[in-house]
Amino acid sequence: MSVQSKKNEVYAMDYDFRFKYETLRSLLDKNGNALQILSDLEADLNHMRHYDPRIKLPIQMLITKALLMAQELNLMTGNSYSELYEVLFRLRYQADGLFLDKTLDADAERSTAHKPFVVSLDPMATTASASELPPDPAVIGGKAFGIWQLGREFEDLTPPGFVVTTAAYNRIIQDNHLHDRIRLLLTDLDVIEDQDLFQSRTETIRRLIRESTVCKEIETAMVEQMELFEQRFSTRLWAVRSSAVCEDSVHSFAGQFDSELQIKKENCINAYLNVLAGRFTDRAVRYRTHHHFREVDTPMAVLFMPMVDAASAGVVHTCDTRNPDANTLVVSTVQGLANRMVTGEEQADTFMVAKGKEPLITQVMGAKEVKPAADGENPGTAGYIPQEKVLEIARIAMDVVDRFGHELDIEWAIDKTGKIRFLQARPLNITGDGTPASVRPTIKKESLPILARGITIFPGRAEGPLVFWTPGDKLSQIPEGAVVLVAHPRPELGAVLPKIAALLVMEGSPVGHLATLVREFSVPSIFRMGETAHNLLKKNTLSVNATERTVYDGVRWPGIRERVLARIARKNRQQKKSGPLYDLILALNLLDPDASSFKAGACRSVHDTLRFMHEMAVRTMFGFGDRQDRGWSKKSKKLVTDLPIKFQLIDLDNTIPEHLKKVTPENVASVPFKALWQGIMDKRLAWPERWEKQMRGMPSDFKETVLGGNRGPRRTSEKNYAILAGDYMNLNARFDYHYAMVDAMVGPGTEHNHVHFRFRGGGASDENRARRARFLERVLRQEGFGVDRSTDLVTAWFRRYPRKDSERALERLGLLMVCARQLDAVLKRDSDIKRYADYFANGEFKMFL
């Protein structure tokens, strides 16, 4: 070949590479913007209905970007992936069809049609024809709907009231421009572990709502209703209570929201806004997150009821939740109002009543002691409520159950005239632990319980380290799988029920809010253990048999601890998101780029196409370099470093002195490269070689096959390339047995600055690799990155920040890449994820050895 021919070949290769590079850079930039749109859409679909027109425009923008990316990928590959056009046009057609779907249109029409801001629950205020149609629970909320049902069947027993509806709530959010602000404050709140940050965000939302302006139309409707009731019933004081959609249903939301009592008419707006703000208490937000409620599905209505001048009040459970087959109901009562009883602040007298035509009190548990009935004797009464009233409440409750057709949790009060009033009714959720009641462990004399007393709230056995919690302690400090001991059953403890092994309470009522949540979360629990429970504080690990109301020192039952941790993991496992637009746009189905199904035609969502195009574009770029046997070496320079990594640097705009063949990091003038390398070279870091130690003496091909080295676009024996410019870097490499990509542009402005990071793979088990991915997600979010994670694949982005912030993000990313390099060999338990994330945040890098 002539000299001129060689020059022409090199020139053609240079041109081809430059074209592919510029196209890749454009594709990656669009990919970053598309991921941002995806992230925003996921947040939007949590706060908006799928048919909301505000969803349509970003979807159209997203698909347009995806089509442009498909065009660029095909330019890079000679139309190797033309099938992508057909896939994306089909997805666009299906998405457009959802917005035109008649069913969704009907839903949208019902949603956007004018709904009343106030609805009366007074049967006297409705016409006969109107009373035949039940009110919509989506408008008046769960608690108000339960009151309406009670009032329809038991008008004389149920105080009338009115509801400020979810339409009013939505109007206030709209008028005060709170939708976007609330959405931003709730973003990623489910993964924030910093309790102070969590509380700061929720408090900000509550403040925004409390400071909101209520339009004249809503205020006038509220005042008119209050005046009507005051004329009819001489009412002067009001109870203002939450009535969120889904409240008092299968999910009780017990104690999660706030109420306002003894409210005068002139203070009704402030009380109303305070109850609305209570939708965003820490415990309510965590409750919705745990049960995977979308924010848009639980708007808040507010129930106004005249205050009952209560001589006594309480709760009746129409069956004994500890033993549903016992044909017994439970009546708990206190003097005055029951609000302090249901929050666990006041002890109640509790009556066990045998059901039947003539109900019979079989046991009385006084506020301070338990009084079983002697043989053939009726235990009589306790405290201040006459036995006849307890039996009357029981008879009425049984009648209510007959009318409703299911067991109920009913709040009641007796006014100063002796009249019984029912103030709330919700389904009584009863679940069991699946253990036959006849199974009893053999108790050896030397292993008797150290405490045996109290009442069972939810049965079952559990083991774990003891934690004594007081109201001044942070709930976030309670470790996963702990046995928690408290003095009183405070409602905020509901936030930790999903992650604890068992709950022991010195005082408390079996019908309070926390008891309801305990049954809902199926946590073995014993209440009313008394002051002697302080003796447990001398122990480290406890074994609890809530069924038998016994507590043992140490580990007692083999395998129970593992079952408890498995239960917690199962309860907290993220529920698969779904929905018509989610499935078409956001779902990620292509998880393994090495699978035979990783093809353009297998893409079932827009997210799939983005994942596929990014993977194929990067492979094409570096596959091009690997195929250049001649000439390519002249375009790349070896990076010389003491670290156990190999890089060839490709210089695009003279960031490396041309005469150098071997380059040290100090020779490179690329801003993003220098920032990333500063983190990688940090002297506090160590480069562990766990796999090398374990596999010493094995052939390299065997190690790559066993440890996953043949997965992904590059093998560990191949060269790793970094494309560099003064303001740009694309680093694409294998580190041991995982695959990492960093694409960054850092310049003086902010508009085009970005840091993109992708990470997958590892040499350990699938479970351990997934744990490392969760560790990366946790740390990256703490560092301000947006993150998308599926199994062991992590994609993160940090965009449109000033140069200084972008450089710091790259430096922290360099630190993280080294720390996480072989962490899949270390993360054996889920609890290790937070521990190592804390090590990283605190700069304890020696822990990653």
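Contact annotation: residue pairs with Cβ atoms under 6 Å, 6 or more positions apart or on different chains, pairing a residue in segment 765-784 that is without any contact (Cβ under 8 Å) to a residue 60 or more places away in the chain with a partner that is surrounded by fewer than 20 Cβ atoms within 10 Å (Cβ to Cβ) and of a type in the set (Ser, Thr, Tyr), are Ala770/Thr791.
Each row is one residue, and each column tells you yes or no for (1) of a type in the set (Ser, Thr, Tyr); (2) modelled with pLDDT of 80 or more; (3) in contact with a strand residue (DSSP E or B) (Cβ under 8 Å, 6 or more places away or on another chain).
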| position | (1), (2), (3) |
| --- | --- |
| Val551 | no, yes, yes |
| Glu562 | no, no, no |
| Lys576 | no, no, no |
| Pro580 | no, no, no |
| Ile585 | no, yes, no |
| Leu591 | no, no, yes |
| Lys599 | no, yes, no |
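Remark: pairs (first residue in segment 394-419, of a type in the set (Lys, Arg); second residue modelled with pLDDT of 85 or more; Cβ separation under 7 Å; 6+ apart in sequence or on different chains) = Arg395/Pro359.
Met616 fulfils the conditions (1) of a type in the set (A, V, I, L, M); (2) surrounded by fewer than 19 Cβ atoms within 10 Å (Cβ to Cβ); (3) outside the structural domain of Lys662 (by TED's automatic domain parsing); (4) modelled with pLDDT of 80 or more except for a single criterion, (2). Would you please list the contacts, defined by Cβ atoms under 7 Å and residues six or more apart or on different chains, that run from a residue in segment 831-848 that is over 12 Å from Leu815 (Cα atoms) to a residue that is acidic (Asp, Glu) and surrounded by fewer than 17 Cβ atoms within 10 Å (Cβ to Cβ)? What qualifies is Lys834/Glu193. Between Val87, Val139, the distinction of being in the same structural domain as Gln231 (by TED's automatic domain parsing), modelled with pLDDT of 85 or more and over 22 Å from Thr281 (Cβ atoms) belongs to Val139 only. Take Leu793 and tell me if it is modelled with pLDDT of 80 or more and in contact with a Lys or Arg (Cβ under 6 Å, 6 or more places away or on another chain). Yes. For segment 483-503, the set of residues classified as hydrophobic (A, V, I, L, M, F, W, C) and closer than 15 Å to Thr516 by Cα consists of Leu493, Ala495, Val496, Leu497, Ala502, Leu503, listed by residue number.
Within segment 302-322, the set of residues being part of a loop (DSSP other than H, G, I, E, B) and either aliphatic (A, V, I, L, M) or free of Cβ contacts under 8 Å to residues at least 24 places away in the same chain (or both) comprises Met307, Val308.
So, in segment 185-197, of the ones that are modelled with pLDDT of 75 or more and within 18 Å of Leu45 (Cβ to Cβ), which residue ends up surrounded by the most Cβ atoms within 10 Å (Cβ to Cβ)? Ranking the qualifying residues of segment 185-197, first place goes to Leu186. Taking segment 321-352 as the range and being more than 22 Å from Asp415 (Cα to Cα), surrounded by 23 or more Cβ atoms within 10 Å (Cβ to Cβ) and not polar (S, T, N, Q) as the test, the residues that pass are Leu329, Gly344.
Looking across segment 149-166, the residues that are surrounded by fewer than 21 Cβ atoms within 10 Å (Cβ to Cβ) and in a helix (DSSP H, G or I) come down to Gln149, Gly151, Arg152, Glu153. Taking each residue of segment 239-267 that is surrounded by fewer than 22 Cβ atoms within 10 Å (Cβ to Cβ) and looking for partners that are among the polar types (S, T, N, Q) and at pLDDT 80 or above with beta-carbon atoms closer than 6 Å, six or more apart or interchain, yields Glu260/Asn274.
The values are calculated or read from the model by the stated rules, or taken from the named source; none is laboratory data. Remember, it's a predicted structure, so these values are computed and weren't measured experimentally. A quick note on method: Cβ atoms are made from the backbone with ideal geometry, for glycine too, and the neighbour counts reach across all protein chains shown.
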